[in-house]
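Report on one structure; see the data block that follows.
No value in this document is a laboratory result; all are computed from the given coordinates. Here the structure is a predicted model, which means the values were calculated and not measured. Note that we place each Cβ from the backbone using ideal geometry, even for glycine, and neighbour counts take in every protein chain shown.
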């Protein structure tokens, strides 16, 4: 069954179709949330909340062809809510202390720290662009900002990440 | 095209978003420019690491599978509409109860008119009626107290509380009548039938023997009313205690007298508890 057909079925309350959509998007959304929040348990919560909102709100979606953008927007909004609620928490503390057993592997710590050094908007744009492979236009729709802003966020972020991750990196030219 | 222009294209090139013609120009420049090539490789390295982020994260497949299962369960719960409505229904119910309770407490009359059989309303109405009755009784007692002015009076050798209920008789007549009544009671306890007979009207004198008291205790006068006059009758009540051990030791005698030829005579004596 094509995705659009599945989504139409979900709209009618078909739980099997919903399970297929969950199967298709779940891991991708989980890692996106994890890349933004750097908290494995919170990422699981955010991911679950996102799907519940999709299930209850899909009836109101008119254009299902933009489902990918819509679900990512919900996820990103949930991540931003997480930041608001976690005002007093040091985001990524578990990464630094290595207390998050499900977090980045020791080999990925440098990547985690580099991503964490970006502000949350730039971090979100980076994850959506390079992990999920969304277009600038799609990210602009997800983040609710002009495409120029997304491009500029990505340029600056890439520069920062290069500085942090490519120190001592030898090109094999 | 300058290096800057090609560097701006690096991200789009890696993401596969430039046209074939631009791609050819871009690749040619990279082959001839080491610094641009370095930036391309570094950017490619960063983007590749993020793209493969899953490889750098420790999370078991079973955790992800569990999460998917949990979503399914929660979605089923969401479908159950009554469950969703329950908090709202509970809130409405609590609000109604609260409003009703406040109305009953604040406006019992209103509550009595809309829900007279409601147990709480019923008991409140009863309590209010009881309260009204008590209020009325208190008012009556207060009125009586205003009328009843008590004073200690010495009548012959007796000091007695006089209850002033009327002022229709002159003080001289009042004293005469009260003294007569006290002597009358003493005669009753003495068993002096003759004295009693002389103090009564001719008609009532026939009952003189019946008026004698068998009790032998000492009589203590506790209260006497001042004398009221109704028509030809003079009324006076005397309260006494004969100090006997009987239950009716403390009682009241109600006297009615008439004035015949300037002399007061007892025309009737009745007992009161």
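Ranking of B:229, A:78 by neighbouring Cβ atoms within 10 Å, starting from the fewest: B:229, A:78. Binning the alpha carbon pair distances of the stretch B:3-56 at 10 angstrom intervals from zero yields the distribution 25, 52, 19, 4, expressed in whole percent.
Over the Cα atoms of the stretch B:223-273, Rg to Rh with Kirkwood Rh, two decimal places?
Details: Rg = 12.8 Å, Rh = 11.9 Å.
My calculation puts Rg/Rh at 1.08.
Would you mind getting the Kirkwood hydrodynamic radius of the stretch A:3-165 from its Cα pairs, rounded to one decimal in Å?
Working: mean 1/r = 0.0606 Å⁻¹.
Hydrodynamic radius (Kirkwood, Cα pairs) of the stretch A:3-165 is 16.5 Å.
Computed over chain B with a Gaussian network model linking Cα atoms closer than 10 Å, the most mobile of B:32, B:226, B:131 is B:32.
For each of B:89, B:53, count neighbouring Cβ atoms within 10 Å of the residue's Cβ, then give the residues from fewest to most.
Details: B:89 10, B:53 20.
Ordered from fewest to most neighbouring Cβ atoms within 10 Å, B:89, B:53 come out as B:89, B:53.
Cβ-Cβ distance of residue B:246 and residue B:139, R₀ of 60 Å, FRET efficiency by 1/(1 + (r/R0)^6): the value works out to about 0.95. Projecting label points 7 angstrom from Cα along Cα→Cβ for residue A:85 and residue B:33 puts them 4.7 nm apart.
Between helix A:147-165 and chain A, what is the angle of the helix's C-alpha long axis to the longest principal axis, kept within 0 to 90° and rounded to the nearest 10? Between the helix axis and the principal axis of chain A, the angle is about 40 degrees. Build a GNM of chain A with springs between Cα atoms under 10 Å apart, and of A:23, A:49, A:147 the one that fluctuates most is A:23.
How much space per residue, in cubic angstrom, does the convex hull of the C-alpha atoms of the protein assembly as shown take up?
Numbers: hull volume 150.5 nm³, N = 446.
Hull volume normalised by residue count: 338 Å³.
You can think of it this way: the chain between residue B:23 and residue B:76 has 14.0 nm of extra reach, that is 0.36 nm per residue less the Cα-Cα gap.
Start at zero, step by 10 Å, and the Cα-Cα distances of the stretch B:29-75 spread as 22, 24, 21, 15, 13, 5 percent across the bins. With Cα atoms as the point set, the stretch B:137-254 shows a radius of gyration and Dmax of 15.4, 47 Å.
Looking at the P(r) of chain B, how many percent of alpha-carbon pairs lie beyond 35 Å? Tail of P(r) above 35 Å: 64 percent of Cα pairs. Put a dot 7 Å past the Cα of residue B:94, heading toward its Cβ, do the same for residue B:12, and the two dots end up 5.8 nm apart. For the residues of B:33-46, the average number of beta carbons from a partner chain within 10 Å of their own beta carbon is 4. A Cα-only calculation for the stretch A:34-80 places Rg and Dmax at 11.2, 33 Å.
Based on DSSP H runs of at least 4 residues, each adding -39500 (n - 2.57), what is the mean residue ellipticity at 222 nm of chain B after dividing by all its residues, to the nearest 500 deg cm²/dmol? Could you put the intermediate results ahead of the total?
Values: 9 runs with 151 residues, N = 273.
That calculation yields -18500 deg cm²/dmol at 222 nm.
For B:58-69, what's the mean count of beta carbons from other chains sitting within 10 Å of each residue's beta carbon? Display every interim value, and only then the final one.
Values: counts 9, 10, 2, 1, 0, 5, 6, 3, 1, 10, 9, 2.
Neighbouring Cβ atoms belonging to other protein chains average 5 per residue here.
Measuring nothing but how far apart in sequence close Cα pairs (under 8 Å, 6+ apart) lie, relative to its length, chain B scores a relative contact order of 9 percent.
Residue exposure proxy: B:200, B:3, ordered by other Cβ atoms within 10 angstrom of their Cβ from fewest to most, comes out as B:3, B:200.
Over the stretch A:3-165, calculate the relative contact order: mean separation of alpha carbon pairs under 8 Å at least 6 apart, over the residue count, as a percent. If you can, show how the numbers build up before the last one.
Details: 147 pairs, mean separation 38.1, N = 163.
Worked out over the stretch A:3-165, it gives 23 percent.
Compared with the dominant Cα axis of chain B, that is its longest principal axis, helix B:3-14 is turned about 70°.
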